[in-house]
Structures are given as C-alpha cells and as structure tokens.
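Since the structure comes first, as structure tokens, the remarks are kept for the end.
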Amino acid sequence: MADNPSELPSKRKCLGVDCGNDAGTLQCPTCLTMGIKDRYFCSQDCFKRNWNQHKTLHKTAQGKTQNGIIHKIIPPWVVSEPNPVTGAYNPFPTYFFTGPVRPVYPLSAKRTVPKSIKRPDWAETGIPKGERRLNRTKIDILDAKGQEAMRKVCRLAREVLDITAAEVRPGITTNYLDEVCHKACIERNSYPSPLNYNHFPKSLCTSPNEVVRHGIPDQRILLDGDILNLDISLYHEGYHADLNETYCVGDRAKADPDSVRVVETARECLDKAIELVKPGTPIREFGSVIEKHARSRNCSVVATWGGHGINTEFHPPPWIPHYGNNRAVGVCKPGMTFTIEPILTLGRPREVYWPDNWTNVTVDVKLP
C-alpha cells in the first residue's frame with residue numbers, strides 16, 4: 001500500500017490548484033447546499049482564486065457538463081435500493097461522486113487466515129501498535145539475515161501479484177480478485193498485510209480508473225476499457241513486502257492512448273527511480289527523476305502519496321516523495337529496504353475520499 005506522511009487515511013489537502021497546504025474547515029457553501037461533501041479549502045482567498053474551476057463541479061452535480069450535455073452520473077439526491085435480484089447496492093447514495101466508478105456492496109465476509117500463519121499485530125485488533133510507536137527519524141538497517149528474509153517475502157509477493165493479475169479481465173469482480181489474492185497468500189504461508197490494517201476489510205487494494213489508491217474490493221464488475229491497479233502486500237515469517245502494478249482491462253483499454261500513456265509512464269518512472277538505488281543516493285533524488293519523466297509525457301505526479309520503508313513493520317521510515325524539489329532527508333545505505341510507488345494522473349493531482357475513508361479518487365475524473 002502506498003502511504004502518505006501521516007500514515008492515516010484521514011489527512012485532507014486543500015483543493016486549490018497548485019496549493020500544497022493542509023485544508024482547514026472551510027467548505028464551499030454551494031456544495032454544502034447541494035449535499036456535496038468533503039470539499040475543503042485552506043482559506044477564503046484560496047477558495048476565491050479557484051472559484052472558476054471549482055464551480056464546474058456544481059454543474060456536474062446538477063446533471064450537466066460544461067457543454068450542457070447530460071452527464072451520466074447518479075445525482076446526489078437519488079437513493080440506491082438493493083437490486084431485487086442480486087442484492088447489490090450503492091452504500092453511499094447521497095454522496096456526490098467525482099466520476100463514474102461506484103462502490104457495489106454488500107462486501108463479502110472477512111476472509112479467514114489459518115492460525116498456523118504468523119500474523120502482524122493488527123490482525124485481531126485492527127490497530128498497528130508497533131508501527132505507531134516507531135521513531136520517524138530512525139531508519140532500520142537490516143543485517144544479512146534480515147536482507148535475505150526480505151528477498152524471500154518480496155519473491156512471494158511478486159508471485160501473488162502475478163497470479164492475481166492473470167485473472168484480470170472484463171466481467172469479473174474486484175471481490176473475486178481479492179479471493180484469488182487471499183488464497184495465493186495462504187498457499188505461501190503468508191498473511192495478506194492489508195487485511196484489518198487500520199480496519200481495512202480486504203486482502204488487497206483494487207483501484208480502477210479515477211480511483212487513485214486504496215480502493216476496497218467489492219462486487220463491481222470490471223469493464224472492457226477500465227484500468228486497474230492491484231496493490232499487493234503480504235507478511236511472511238515476520239517481514240512485509242509491498243508492491244503494485246496497473247493493468248489495462250480488455251482490448252479497449254489496450255487500444256486507448258491515454259490509458260496506455262498513464263500506465264506505461266508510471267512504470268517507466270519506477271524503472272528510472274530504481275536505477276538510482278545505490279549507497280549514497282540522496283532520498284530526495286527519486287522524486288526529481290520521477291517528476292521529470294512524468295512531465296515529459298504530459299502526466300502529473302500525485303504528491304499526496306509516496307513510498308515508504310518496509311521490513312518487520314509495514315510502513316516504517318523513510319518517507320519517499322515522488323515529486324521534485326522535496327525536502328526528504330537522508331541517503332541510501334546498505335541494508336535499507338523501502339518501496340517506490342509513483343502515482344500519475346492525466347489531469348490535476350487533486351484527490352478526495354469516499355465516505356469509506358479509504359477510497360481515494362481524483363477530483364477531475366482523470367485517470368491516475
């Protein structure tokens with residue numbers, strides 16, 4: 001799972017374009033009147049500067065695009081009832097969604113893990129106590145035994161990702177992918193790290209289309225033309241691995257230039273950053289090379305999320321920014337283990353959360 005500096009899904013950023021400030025309590029009064037939630041700004045001045053762009057959301061909520069064409073969305077005042085045949089429903093019928101992707105509930109029951117498999121401390125309580133006690137300035141250096149344990153768990157995680165990705169196709173649900181991932185973890189005597197982490201209900205994150213990060217697997221059926229990020233993490237013999245990749249779903253997505261561009265550019269950014277990994281490389285340099293390449297392909301970096309350390313804890317230091325001109329401290333040293341997880345978008349890098357407090361989506365509905 002990619003993470004942000006706070007390690008928690010509740011941190012808000014101002015929606016002002018090119019504003020990197022934390023959001024305050026100021027919300028758009030028109031949004032509140034229309035029932036649109038989670039639209040926060042840092043100040044009245046910032047809100048005024050961004051008014052021309054922001055007011056387009058009001059038109060969309062009224063069922064129209066900027067060109068006056070009816071937009072195929074569910075207005076916020078429409079209540080979703082369970083389908084009488086399938087029982088599927090939208091759990092947030094009054095929430096204003098920024099794009100066409102909808103949660104499709106009910107969620108399947110929490111998957112079980114055999115007692116013989118070693119578990120992280122949140123497996124039962126949902127609270128990563130060890131992680132919360134970490135010194136954020138202290139970066140662990142693994143000895144030879146720890147390094148070999150990380151190599152093993154990372155190999156297993158790659159296997160699980162490949163097995164899960166092989167099932168990606170139009171017509172299947174993200175819940176089915178969660179089942180495949182969970183089974184593959186268990187077969188490798190491993191615990192799926194996301195399961196119950198801060199009460200996350202599933203064994204992997206599935207993020208389609210405008211979903212940036214931490215999408216919850218549900219009953220939504222994948223469509224020909226979707227793109228889908230699979231975020232796989234597992235815990236084996238006391239060590240975590242964390243990796244993800246984005247895939248084109250069906251021939252339509254593979255033939256769409258924008259889908260291919262954002263998927264392939266993100267992969268290229270990762271490859272270029274990995275080339276820098278060696279003792280002595282400043283941690284801040286990864287973001288510089290990632291952002292430079294992303295901009296060369298007309299993509300933007302989603303700066304809220306970044307890489308992180310990983311070893312016996314899921315999200316220890318260091319924090320790895322994916323954007324240039326960052327202030328990350330420290331240099332790479334032998335024995336350090338961390339993730340690099342660049343997230344790109346074709347539009348503006350601004351996101352909001354669904355009411356589940358996990359699913360993070362782009363405001364302008366551009367592909368991440």
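A short reminder: the numbers here are calculations on the coordinates, not readings from a lab. Since we're looking at a predicted model, the values are computed, not measured. FYI the Cβ positions are ideal-geometry reconstructions off the backbone, even for glycines, and counts take in every protein chain you see.
A simple packing score, the average count of other Cβ atoms within 10 Å per residue, orders the peptides 260-267, 115-122, 161-168 as 260-267, 161-168, 115-122, with the highest score first. The sum of -39500 (n - 2.57) across all DSSP H runs of n ≥ 4, divided by the residue count of the chain, sets its helix-only mean residue ellipticity at 222 nm to -8000 deg cm²/dmol. Using 0.36 nm per residue and subtracting the Cα-Cα separation, the extra length available between ASP162 and LYS292 on full extension is 43.9 nm. Report, as a whole number in µm² per second, the diffusion coefficient that Stokes-Einstein gives for the stretch 186-327 at 25 °C and 0.890 mPa s using the Kirkwood radius over alpha carbon pairs. The diffusion coefficient I find is 148 µm²/s. In this structure, the residue pairs whose Cα-Cα separation is over 32 Å, taken from LYS115/LYS366; LYS272/LYS366; LYS202/LYS366, are LYS115/LYS366. Does the stretch 88-137 classify as rounded, prolate or oblate by the C-alpha gyration tensor (a ≥ b ≥ c root eigenvalues; a/c under 1.5 gives rounded; else a/b over b/c gives prolate, otherwise oblate)? Verdict is oblate for the stretch 88-137. Okay, which of the stretch 286-322 sit inside 17 Å, backbone N to the point 7 Å along the Cα-Cβ direction of ASP271? Backbone N within reach: 289-298.
Local charge for LEU161 was computed over the other residues whose Cβ lies under 10 Å away, with Lys and Arg +1 and Asp and Glu -1, and equals -3. Each of ASP140, ASP251, ASP178 was scored by other Cβ atoms within 10 Å of its Cβ. Listed from fewest to most, they are ASP251, ASP140, ASP178. The simple spin-label model puts a point 7 Å past each Cα toward its Cβ; for GLU264 and ARG49 those points are separated by 3.6 nm.
Relative contact order of the chain, taken over Cα pairs closer than 8 Å and 6 or more residues apart, is 17 percent.
If I stretch the segment between VAL85 and ASN21 completely, what's the gain in nm (0.36 nm per residue apart, minus their alpha carbon distance), one decimal?
Computed gain between VAL85 and ASN21 is 18.4 nm.
What is the stretch 122-362 by shape, rounded, prolate or oblate, if you read a ≥ b ≥ c off the alpha carbon gyration tensor as root eigenvalues and call it rounded for a/c under 1.5, prolate for a/b larger than b/c, and oblate otherwise? Here the stretch 122-362 falls in the oblate category. Between ASN357 and LYS333, the contour length at 0.36 nm per residue exceeds the Cα-Cα span by 5.1 nm. Partner aspartates and glutamates whose Cα lies under 14 Å from the Cα of LYS152, excluding those fewer than 8 positions away in the same chain, are identified as GLU237, ASP242.
Relative to the longest principal Cα axis of the chain, at what angle does helix 257-274 sit, 0 to 90 degrees, rounded to 10? Roughly 30 degrees, rounded to the nearest 10. Which of rounded, prolate or oblate describes the stretch 277-368 when judged by the alpha-carbon gyration tensor and an a/c cut-off of 1.5? In terms of gyration-tensor shape, oblate.
Taking 7 Å steps out from each Cα toward its Cβ at LYS254 and THR281 produces label points 3.1 nm apart. The dipole here belongs to the chain: it is taken about the Cα centre, uses +1 on the Cβ of Lys and Arg and -1 on the Cβ of Asp and Glu, and is about 720 debye.
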